Amino acid sequence: ISDQKPLGCWSVKHGQILTCPVVCNFETHEYIAVHDDKVLRIWKNEDINLDKAFKATLSADVYRIHSLPHGGPVVLFRGGGVRTLDALLEAPQQEIENVISDEVIRWSGAFMEGQQPVLIFTTEKGGNFFVYVQKPKLSSLHKYKLEQQESAKPVYFTAHMTNQTVTLLCLYSNDSVYQVLIPLQEDTEEEEEILSKSLLLNLSVSGTVLKGTSLVVLDKDHVAVLGSLAAPGKEPRECLTIWNTKFQTLQTSKELPLGTSGQLWCYEEKFFLIHGKVLTVIMYKCETSSLAAAVGKLKDSQTPDVSSFVNWNSLEDEELVVSFQSQESVAPKAESQMILRSRRSSAAKVLPETLSVGQLLLNLKDASTYALETELRQLMAKASTPDLQATIGCVVTALTDRCKRNPKYYPQNFLQQIVETRDLSYSLCPDLMAVALEKKDMHLLQICLERFPDIPEEITYACLKTFLSISEAHLQNIDVDLDSVICYIDVECDDKEVKTEIVENGFSAEMDQDMCDTKIPKESQSRSHGESCPVGLQKAALLNAVLHSAYTETFLLPHLKNLPAQQAILFLRYLYYLYVKCSEKVNTTLPGIRSPTINQIMDWMCLLLDAHFTVMVMLPEAKELLSNLHKFVRAQVRFYSELNKIEGSLRELQRLNHLRESQTYSIEVLEII
């Protein structure tokens, strides 16, 4: 999420529908999905085609799958039956009992009680609500009836477990949160027990009422509620709120002007919610609360070990300096005292200094260049290990901010040193590559492309366009890392590549001519067969850095379509040259450090052809290149096809060599039929 990179995508066939959320099996690292209510699918990250994944058709409709760390997946059926996934896979068509009758499941959750998974779900029938507690491994089932409330009914449930007791929190339509305690008893009772509830929280402050739609538990003293704030005489506003249940106070809130889906998730101290059309992630931290913190009267000078609660800046567009606070003990504070953190800067902890990093950077805003760089070097040297990345991200941001304010200032060597020696990412310093592009700093862009794992496709395209457009003469005066090209592009004094006679992997000019009807001049053959590189050493090294950059085809393709036709042809010529070079080697691997792989070359060739095929077909200067590329690929296909024909014979020969005594000398003739 922080890198904004899709890592995998799978789809069911047309007409099939995923009918419950997909979960991950923590033990096997597999994904588990159900489509069309009864069809179970299990696959791993490396699987591409979902239709070829493991499939099991079950005998009953699935409501939800819950995956528990150290407990494995647990499957809840619409009829109330529960099975562990392992038990279900042993006999997928086993009969599933109907626990509920004429009831509709409204919510479900799963927990671990020691080594035993516990599944809880709530149902509704005729305005009455019921709670079921099941332990599938022990075949234990308890049913409870929820105490009724006049003129109000539950709209959302959530739960947490402590000390053998499940605490069920119910968000009611009367803008209140009620608490229900459910003991995990072992005895079975014939009579249906009624669970009493107690008022936990009123969602109203000074006449403003929160109409909640979703509720999550943060810890024993804090809950988060997503909903609409309705003030008298004003339009309702969707917002995320955090409440202190111990002192009945609204801890903090944040308006969500773009609207939400009404759903809120919480995982590993992060909120997940749909804000407008994007998934927003907000970090938080909390610990045992105090009255002073709850009413916003906590003073940092009195309690230096208290840090802020929520990091709201993921919802903001403006630039905000990251404030570093202590993390030894964390408790909520008023919104004015919160740490602000955006996706564009990393989570912050503390430097053992009087001034926070944010305050120090503000103080250095107008300092001299020498003072600024000296202080920043000291700051990076002092940063503790957990805070190092965030601190360095702030340092780079401070430098790029000054570059934008002062066009004459550009600490090229300092920035290159930071990127080369530190483990940075694009999201830690998002303006760095934009400044480097503006300054035409090719070496820094090359380093970033090779080291940053999360570069947006728009920036990758901008680098590619810049590399292709810059003149070879200008690049001669630029310091560029040539390690990725120096081993396979040999340069003479006139900068022309030395011709090579190596012909392997089934390609030769004679074979090519035998296969193709069209004859081409020898000069064209020499050029098109990749014997001379279409770009200079410096430009080749920069283009190799682009080939190494991670990307998602869906996001990169629209940008590639904007690449000028002449630049697209030049890039394709270079890719074709690399492809031929790879094919000259038996292992299809180019020598050198960080040289492009055959897969990277092929992927980029396909991308470029997808983006510009129509234009290239129409351009006379591209016709010969496409024709030669087609012939070369066809020759490769023919060669590997011939190899496939004798694969069985080669394997048999290998087997015979193992069986034969190798100590005696002999000459044998094997006839391959």
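Ignoring ligands, DNA and RNA, how do Ser532, Ser469, Ser151 rank by accessible area with a 1.4 Å probe, largest first?
Details: Ser532 45, Ser469 70, Ser151 125 Å².
Result, largest first: Ser151, Ser469, Ser532.
State the Cα centre-to-centre distance between the stretch 576-637 and the stretch 196-264 in whole Å.
That distance is 57 Å.
Computed over the Cα atoms, what is the radius of gyration of the stretch 1-160 divided by 2.2 N^0.38 Å, N being its residue count? Intermediate values should be presented prior to the final figure.
Values: Rg = 17.0 Å, N = 160, 2.2 N^0.38 = 15.1 Å.
Dividing the Cα radius of gyration by 2.2 N^0.38 Å gives 1.12.
Leaving out ligands, DNA and RNA but keeping every protein chain, what accessible area does Val104 have, in Å² rounded to the nearest 10, with a 1.4 Å probe?
Looks like 70 Å² after rounding.
As an exercise, use a Förster radius of 41 Å and the Cβ-Cβ distance of Ser627 and Val12 to find the FRET efficiency, rounded to the nearest 0.05. Mind showing how you got there, number by number?
On the way: r = 40 Å, r/R0 = 0.99.
After rounding to 0.05, the efficiency reads 0.50.
Whole percent per 5 Å bin, from 0 to the bin with the longest distance: what is P(r) over all C-alpha pairs of the stretch 621-661?
5, 21, 13, 13, 12, 9, 9, 7, 5, 4, 2, 1, 0
Would you mind putting 424-437, 607-620 in packing order, based on average other-beta-carbon counts within 10 Å, highest first? Walk me through the intermediate numbers first.
Working: 424-437: 21.4, 607-620: 14.1.
Put in order of decreasing packing, that is 424-437, 607-620.
What distance in nm separates the two pseudo spin-label positions at Asp37 and Glu192, each 7 Å out from Cα along the beta-carbon direction?
Label at Asp37, label at Glu192, 2.4 nm between them.
Counting alpha carbon pairs within less than 8 Å and at least 6 residues apart, what relative contact order, in whole percent, applies to the stretch 9-128?
On the way: 235 pairs, mean separation 20.8, N = 120.
After rounding, I find 17 percent.
Peptides 11-18, 403-410, 53-60: what's the order by average Cβ count within 10 Å, highest mean first? Each step should come with its number before you reach the end.
On the way: 11-18: 10.4, 403-410: 12.2, 53-60: 15.1.
Listed from highest to lowest mean packing, they are 53-60, 403-410, 11-18.
The values are calculated or read from the model by the stated rules, or taken from the named source; none is laboratory data. On a predicted model such as this, the values are computed, not experimentally measured, just so you know. Neighbour counts are summed over all protein chains in view; Cβ atoms, including those assigned to glycine, are modelled from backbone coordinates with ideal geometry. For accessibility, only protein heavy atoms count, side chains too; no ligands or nucleic acids. Shrake-Rupley method; radii C 1.70, N 1.55, O 1.52, S 1.80 Å.
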